[in-house]
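Just so it is clear, none of the values below were taken in a lab; they were calculated from the coordinates. This structure is a prediction, so every number in the text was calculated from the model and none was measured. Because the Cβ atoms are built from the backbone with ideal geometry, glycine has one as well, and the counts that use them run over all protein chains shown.
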Amino acid sequence: MAFLLLIAIGFAGGIVWIFNVETAAAAYGATSGWHPIVVGLGCALGQASAYTALFFSGEFIGQRWGWARKQIVRTREKYGERLETGFLWFTAPAALIGLPPMTGMAAVAGGFHVRLLPMLAIAFSLRWVRFTIIAWAGPQLLLWVKSLLSWLRSHSYAALAPIPLFVAIIVYTYYRRRLRRKLHERAQEHAQGPAVAETPATEDQAP
């Protein structure tokens, strides 16, 4: 059941951002006693299932949910021309580091005449690697948190113990969105290119 729950979290996180699969992978890696490869496999299976659903119903989901429509439109605007010639090349960084967002990639794949199986093979393999690394780092992160809490308790600041975690989450979210915004602006500038003013030549005509 715990493994099925992990797959379900991976599926939900592949569609709705509020279900943070990275946090789940780190928590499972730190507390479940499973090998990180097993944790990564469960997360990757859930994500691959979500991408399959988005592949076949991305346009429908975009029409029903505003946040999904924004992500689909943003992906088309930022990477449209480059996706025409190298969609699968962009699938690799999308699956491994989340840029471009894999959710948007899966939703627009059909419009670029991309076959499901090649895209899914790349996404599943690299998501497995991604979540295995996160699950492996989970115990180290847990030890760091425990040592921090121990230090806070010894200094009578137990009430402040949750604050560093919340601050870390806020800072991570802020800089991730900032990075995505900058990449989006640079992609738009690159797509538009330098504006070249063209003035038509005029000829003097005799009266």
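Calculated FRET efficiency, Q140 and M1, Cβ-Cβ r, R0 45 Å, to nearest 0.05?
That gives a FRET efficiency of 0.95.
Please give the contour-minus-distance gain from T173 to L88: 0.36 nm per residue of separation, less the Cα-Cα distance, rounded to one decimal in nm.
Extending this stretch completely gives an extra 27.9 nm.
How far apart, in nm, are the 7 Å Cα→Cβ label points at S150 and L116?
Inter-label distance under the simple model: 5.0 nm.
How long is the gain from R180 to T23 if the chain were fully straight, where each residue apart is worth 0.36 nm and the alpha carbon distance is subtracted?
Length difference between fully extended and current span is 54.5 nm.
Taking neighbour Cβ counts within 10 Å as the exposure measure, how do V21, V167 sort from fewest upward?
Placing the least packed residue first, the sequence is V167, V21.
Please arrange H35, H113 by how many other C-beta atoms lie within 10 Å of their C-beta, fewest to most.
Least crowded to most crowded, the residues run H113, H35.
Just add up the charged neighbours of A121: K/R +1, D/E -1, any other residue whose Cβ is under 13 Å from the Cβ of A121.
+2
Treat the count of other C-beta atoms within 10 Å as a stand-in for reagent exposure and order L141, L117 from fewest to most.
By the 10 Å Cβ count, ascending, the order reads L117, L141.
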